[in-house]
Amino acid sequence: MAIDISAGLTGLRTAQKAMITIGHNIANANTEGYSKQTPVLTTELPAEGDFGTLGQGVKLARIERSVADFLNVRLYEKNSDFSKLDLKSSRLTDLEGVYNEPSDFGIKNSISDFFDSVHELAKNPENNAVRIQMLERSKAMANRFNLVSSDINSMLSNARTDIKNTITETNILLKRVADLNEKIATLKTSELTAHDLEDERDRTLTDLSKLIDITVVDSGDKASKVVSFSGKEIVFGGGFDLLGTKTLATGDIEVIFSSNSVTANAGGGEVKGLLDFQTSANNAKSRTDTLANQIIQEFNKVHSEGVGLDGGFTTITSKNAVSDADAGLGALNVLPFNITDGSFFVTVRATSTNEVVKTKIDINPLADSLNDIKDRISAITNMSASVVTAGTDNFLKIDAQGGFTFNFSSELDPNPGGIGGIITVDGQYTGSKNDVYSISVSSAGTIGTTAGLKLRVTDSGNTFTREFDIGDTYTGGNTIDIGDGLKVTLKPVVVGGAEKFNVDVLNDPDETNLLASLGLNTFFAGTKSSDMAVVSDVLDNGRLIAAASSNSVGDNDNANRMLALKTAAVVGNRTFSDHLTETITLVGLELEENDRALNGERAVLDSLASLKEQTVGVSIDEELSTLIQFEQMFNASARYITTVNRTVDRLLEI
């Protein structure tokens, strides 16, 4: 009879344990990462009796945990891919918004407004209100560049901080996985189940896969998980290798293995997303800096060769300094723009007679120092130069003697002499290179009277000779267009035939970029988007805006040269506007491509998550159905015991 009761009791106990397991499943039906547990029953070993063996009931053999390791591997991979793309999408959206295009408040519109004000200056070069407007538009453009730079720098700073924080979070998860490995291995060594701990480890690995791309395999004892990253095991049993970060000279953050400081190459996860964004933001910042640099450099090159309303300078000091006044300027690498081999011209004007003297100064940037430039300028009649030292900085100061002014323009000498009959040379040279034109007469005779008398114009390379009739078909005092924007006027006088003179014609009066590099007569300060500004002297005195190429009233030649920069292909064979459009487009295309990939990864990840839920997740309906089965088993076992007891009682009464 004891065996009869024992069989029933095993049914009660086993059904109770099974229902507890089912209750555990139901309670965790909505717990993220929970894997369904299933009670597995088996018969108790039979007992031997007088009539052979008799069954002793049922027992709970084990509780099985539903597993889908093959799905976990795929989920870890897709979690990494999705997290990388999702984070990049958010950051790139913010980066695209920094440029605020298209709008009335973006860089593109500010550049357009700036050149519109230069256009107005070209139309009204001496109008003070126009000059004030140009200064305001210039400040607005510079401020817009400053703001974009500040915003991108802020994004970069946040990304770099987030990389460090994410690596810290990653290390916490690595330690947790290693700790769970140890606990699970200990339980399994004692032949105890560790299902809930295994679920926690899977959840931790899932969280880890969102931060970095990992490879997970079972250890030899099947109790631990071995985690690898960037080709290196970082969790092995209860051991782990932490990650770290390294700050490069550029400020960028690099991920390393703490144990050996070797660079770890992330391929996915939020860390990879942040590293990719760091690169994207750096590229956008570099392109924006290039645009600002080219606007500053190209505008300053033209502006430095112009003349303000006062017709020239009596004194000027460079805005940019060198640390060694005796070293070759090109070797110092401290000036904002490169100085090249070539020449620049200094024009000195006598204020009383308007007489102009142009002096050519040759430059070899590797050999010529600031003191060399000073000496060559000081050698010009009525000019002096000095090096002004402030701490370790050396500036070039240029002065004209009393009664003289100077500039660095392409202005022609209006009275070059040489032929008594030429009274003026006028116009603005439009040729493509600096040159020296020789002007002579073909023979002796009287200008305006002698038939066949010619005026000859020849360039320095003798690539052309132009002839113009100044004989009996010419009226003295009339203007002759000799080409390339130049005009001469002759008096009707007798010439001997040997008269000849040379005229310096300048397309670029500073082909070395020395003036822009040193900051002489420049408009913009700075070298990049973060420090772009209008030179304070110009901001305080709009008369210094160099709209002219001479001191002639109404001269707008240099303003037109500055305006021409709007459509010039000076930034990698692109205009300023085109370069900016390309910069914004590149960010937009990267975002578009990223979002396309993100949507694809989202669909795959959702599919895998759904498949895993079907495989290892808890179905309430199924659990309730199973619960009813075990409830019936429990009730039947209890009724069986009651029946056995009643039978025993009756037997005892006999």
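Worth pointing out:
- In this structure the chain gives 46 Å² per residue of accessible area when probed at 1.4 Å with all protein chains present.
- Charge dipole of the stretch 88-240 about the Cα centre (unit charges at C-beta), most positive-ward option of T215, F236, S112: S112
- Full-stretch length increase - A498, N143 - with 0.36 nm per residue and alpha-carbon distance subtracted: 121.8 nm
- Taking only alpha carbon atoms, the stretch 315-371 gives an Rg to Rh ratio of 1.08, where Rh is the Kirkwood radius.
- When each of K210/K612; K433/K454; K36/K232; K108/K272; K88/K566; K164/K285 is checked by Cα-Cα distance, pairs over 29 Å: K36/K232; K108/K272; K88/K566
- Most positive-pole-ward Cα, V226, S386, G461, against dipole of the chain from beta carbon charges: V226
- Rounded to 10°, Cα long-axis angle of helix 107-123 versus longest principal axis of the chain: 10
- Apportionment of accessible area to carbon and sulfur, the stretch 492-646, percent (1.4 Å): 51
- Check: the chain dipole with +1 on Lys, Arg Cβ and -1 on Asp, Glu Cβ, in debye: 280
- Remark: the stretch 77-187 carries a charge dipole of roughly 340 debye about the Cα centre, counting +1 on each Lys and Arg Cβ and -1 on each Asp and Glu Cβ.
- Extension reserve of the I628-L652 stretch, reckoned as 0.36 nm per residue once the Cα distance is removed: 5.0 nm
- Annotation note: GluC sites (Glu not before Pro) in the stretch 103-141 located in DSSP loop regions with a Cβ neighbour count of at most 16 within 10 Å are E126.
- Inter-label distance, N338 to T473: 5.0 nm, where each label sits 7 Å from its Cα along the C-beta direction.
- Qualifying chymotrypsin sites (Phe, Trp or Tyr not before Pro) for the stretch 51-123 [loop in DSSP, other Cβ within 10 Å: at most 13]: F51, F105
- Per-residue HN-Hα couplings for the stretch 134-144 [Karplus 6.51, -1.76, 1.60; θ = phi - 60°; Hz; x = Gly/Pro]: 4, 5, 5, 5, 5, 4, 4, 5, 4, 5, 5
- Counting protein heavy atoms only, the stretch 169-293 has 48 percent of its accessible area on carbon and sulfur, 1.4 angstrom probe.
- Split the accessible area of the stretch 15-62 by element, probe 1.4 Å, and carbon with sulfur accounts for 51%.
- Across the options I447, T430, N338, the greatest Cα extent toward the positive end of the charge dipole of the stretch 338-464 (unit charges at beta carbon of Lys, Arg, Asp, Glu) belongs to I447.
- On the beta carbon distance between D69 and D179, with R0 = 22 Å, the FRET formula returns roughly 0.60.
- Each of D426, D531 has its accessible area taken with a 1.4 Å probe; listed largest first, they run D426, D531.
- The stretch 198-249, Cα convex hull volume normalised per residue, Å³: 90
- Relative to the longest principal axis of the Cα atoms of the chain, the long axis of helix 69-98 lies at roughly 30 degrees.
- Once divided by 2.2 N^0.38 Å, the Cα radius of gyration of the chain becomes 1.70.
- Across K319, K360, K612, the residue with the most accessible area heads the list, and the full order at a 1.4 Å probe is K360, K319, K612.
- Per DSSP, loop GluC sites (Glu not before Pro) in the stretch 439-538 with at most 16 further Cβ within 10 Å: E499
- FRET efficiency estimate (nearest 0.05) - Cβ-Cβ, N124 to D426, R0 25 angstrom: 0.70
- Placing a label point 7 Å from the Cα of D252 along the Cα-to-Cβ direction, none of the residues of the stretch 516-548 has a backbone N under 15 Å of that point.
- Model label zone, S607; criterion: amide N under 18 Å from point 7 Å along Cα-to-beta-carbon; scope the stretch 64-80: 70-80
- Radius of gyration and Dmax over the Cα atoms of the stretch 287-346, both given in Å: 13.9, 39
- A cut-off under 13 angstrom between Cβ atoms defines the neighbours of D113, and their net charge, with Lys, Arg +1 and Asp, Glu -1, is +1.
- Angle in degrees between helix 576-616 and the longest Cα principal axis of the chain, rounded to the nearest 10: 0
The values are calculated or read from the model by the stated rules, or taken from the named source; none is laboratory data. The structure displayed is predicted, hence computed values, not measured ones. Because the Cβ atoms are built from the backbone with ideal geometry, glycine has one as well, and the counts that use them run over all protein chains shown. Accessible surface is based on the protein model in full, side chains and every heavy atom, while ligands, DNA and RNA are left aside. Shrake-Rupley method; radii C 1.70, N 1.55, O 1.52, S 1.80 Å.
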